[in-house]
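The values are calculated or read from the model by the stated rules, or taken from the named source; none is laboratory data. These numbers were taken from a predicted model, which means no experiment stands behind them. Neighbour counts are summed over all protein chains in view; Cβ atoms, including those assigned to glycine, are modelled from backbone coordinates with ideal geometry.
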Amino acid sequence: MTMFDLTLAAARDELRARRLSARELTQSYLDAIAALNPRLNAYITVTPERALAQADAADAALARGQAGPLTGIPLAIKDLFCTAGVRTTAGSRILEQFVPPYESTVSANLLRDGAVFLGKANLDEFAMGSSNMTSAYGAVENPWKRRQDTSAVLVPGGSSGGSASAVAARLALGATATDTGGSIRQPASFCGIPGIKPTYGRCSRWGIVAFASSLDQAGPLARTVEDCAILLGSMAGHDPKDSTSADRPVPDFAAACKRGVKGLRIGVPREYTMDGMPEEISVLWQQGLAWMRDAGAEIVDVSLPHTKYGLATYYIVAPAEASSNLARYDGVRFGLRENGEDLRDLYERTRAAGFGPEVRRRILIGTYVLSAGYYDAYYVRAQKVRALILRDFTEVFSKVDALLTPTAPSAAFAQGENMDDPIKMYLNDIFTVPASMAGVPGMSVPAGLDANGLPLGLQVLGKPFDEETVFAVSAAIERAAGFSALPSIRAGA
Ligand code: GLN
């Protein structure tokens with residue numbers, strides 16, 4: 001048993017009992033980052049001095065008996081959250097030198113509660129991707145390896161690939177992440193850890209670099225379902241600075257993890273299956289349903305008929321909003337500037353130099369679907385279908401308390417795979433996108449290993465603002481699965 005075996009909840013108890021100091025804990029994580037980050041590339045920026053200063057402040061608070069919910073807990077912050085005085089790149093060249101003068105609300109909430117920030121986690125450029133291969137700061141390695149082919153370097157999923165890899169490799173006790181169409185849940189599944197995208201509006205988006213504003217939502221990745229609940233409790237809450245943040249009390253999510261599932265009705269949407277999906281994923285899904293039945297839940301077959309349009313409408317709405325949000329990177333106000341002969345030339349040179357190919361593709365798609373003549377045919381139609389997707393969920397949730405599905409149609413793939421055709425990469429999001437379009441909460445929980453020894457996740461979806469039931473079901477899956485495997489990089493650490 002080492003310090004790295006402690007969950008966030010256990011580390012918190014050790015710190016409060018003063019059997020462990022925040023400095024010791026933070027230093028151990030910084031040492032692990034120094035040893036493993038050169039290989040994994042999970043962090044773009046590491047802030048050791050800041051982390052140790054925060055740890056010392058945490059130890060002083062603990063000595064005074066004034067511990068907050070996260071005092072002394074070392075976390076990774078996705079490099080999409082603005083951090084005052086610490087460079088925030090969004091994984092893009094265009095923000096390579098951007099040091100925000102302000103703190104995002106979510107990260108400020110974590111600091112308020114005593115957390116220690118180890119650094120900024122790598123991600124797909126502007127959170128666009130499912131493999132972390134689009135980051136301008138290099139790919140992230142998944143700490144897991146295939147049993148047979150140990151030379152293959154696997155992707156951690158995306159876009160929160162750095163956050164997921166850092167937590168799985170034990171380079172942080174937890175991490176912030178964001179999910180626009182699956183970017184918390186898919187990397188969680190690929191890296192064998194839990195992660196939750198809460199209801200749209202549960203966390204403030206203020207100070208998070210915007211991708212698609214009607215879909216973006218922050219959430220945690222951590223080592224256990226309870227740890228995610230503790231983190232979300234700090235991250236969430238109403239913020240007058242984000243008009244879409246919900247003015248609702250933040251429930252005790254950690255308490256909900258202990259509720260159990262007895263008497264709950266859990267729906268199985270028949271549309272959540274895909275041609276070519278490995279048999280093991282269907283088997284695991286059936287296993288998950290059997291665990292829930294054994295724990296006293298009733299399993300109900302349901303239908304979400306508009307699921308099949310989820311991906312197509314997402315890849316209209318998300319690029320449309322992205323093309324509008326990314327218009328601000330013009331070389332004038334902040335970030336990179338490439339001088340030109342006149343203003344237009346400056347814009348063009350700056351944007352050509354600053355944006356990578358995936359971001360350019362999204363801007364082109366988005367600009368096209370919003371252009372005069374195509375707006376009604378694409379964007380307006382996609383919004384109408386989005387309303388139908390939401391209606392499916394609303395109807396189903398009048399009959400069941402939660403839904404259980406696979407998180408992703410495959411286990412982690414190797415770097416370079418799925419790169420030849422953007423559509424193949426987009427298919428990763430097939431099971432996560434509908435909940436994003438509907439704004440409902442979704443959590444991925446590690447539930448088993450495939451024949452290659454790679455983790456597979458199950459997804460729990462819930463009613464809007466009923467994350468408590470999502471946590472109750474996810475914790476029940478976690479207990480039943482007893483998932484204790486570790487990536488080889490950490491086995492025995
Ligand atoms: N993979 C999806 C995309 O590339 C989702 C990304 C996200 O949730 N940020 O758009």
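Things worth noting here:
- Hits in segment 248-264 (condition: more than 16 Å from SER474 (Cβ to Cβ) and either in contact with a strand residue (DSSP E or B) (Cβ under 8 Å, 6 or more places away or on another chain) or outside any loop (DSSP other than H, G, I, E, B) (or both)): GLY263
- The listed residues are GLY158, GLY182, GLY201, and the only one of them that is in contact (Cβ under 8 Å) with a residue 60 or more places away in the chain, closer than 12 Å to SER131 by Cα, not charged (D, E, K, R) and not in a strand (DSSP E or B) turns out to be GLY182.
- The single condition among (1) buried (at least 21 other Cβ atoms within 10 Å of the Cβ); (2) small (Gly, Ala, Ser); (3) closer than 22 Å to ILE193 by Cβ that ALA9 does not meet is (1).
- Residue that is nearest to the chain's Cα centre (by Cα), among those in segment 338-351 that are assigned to a helix (DSSP H, G or I) and more than 23 Å from ASN132 (Cβ to Cβ): THR350
- Summed over segment 205-258, residues that are closer than 28 Å to PRO446 by Cβ, away from the ligand (no atom under 16 Å from the Cβ) and polar (S, T, N, Q) total 2.
- Hey, ALA290 away from the ligand (no atom under 16 Å from the Cβ) and within 30 Å of CYS82 (Cα to Cα) or not: no
- Only a single criterion out of (1) over 21 Å from GLN27 (Cα atoms); (2) surrounded by 24 or more Cβ atoms within 10 Å (Cβ to Cβ); (3) within 19 Å of the chain's Cα centre (by Cα) is not satisfied by ALA108, namely (2).
- Number of the condition not met by LYS241 [criteria: (1) part of a helix (DSSP H, G or I); (2) more than 18 Å from ALA402 (Cα to Cα); (3) in contact (Cβ under 8 Å) with a residue 60 or more places away in the chain]: (1)
- Exactly one residue out of ARG391, ARG386 is within 25 Å of PRO434 (Cα to Cα) and within 24 Å of the chain's Cα centre (by Cα): that is ARG386.
- First in segment 425-438 and closer than 21 Å to GLN415 by Cα and part of a loop (DSSP other than H, G, I, E, B), second anywhere and modelled with pLDDT of 95 or more and within 11 Å of the ligand (Cβ to nearest atom), Cβ under 8 Å, 6 or more apart: ILE430/LEU311
- Residue match in segment 149-164 (condition: near the ligand (Cβ under 10 Å from one of its atoms), among the aliphatic types (A, V, I, L, M) and either within 12 Å of the chain's Cα centre (by Cα) or surrounded by fewer than 24 Cβ atoms within 10 Å (Cβ to Cβ) (or both)): no
- Annotation: ALA35 fulfils all but one of (1) part of a strand (DSSP E or B); (2) under 14 Å from ALA169 (Cα atoms); the unmet one is (1).
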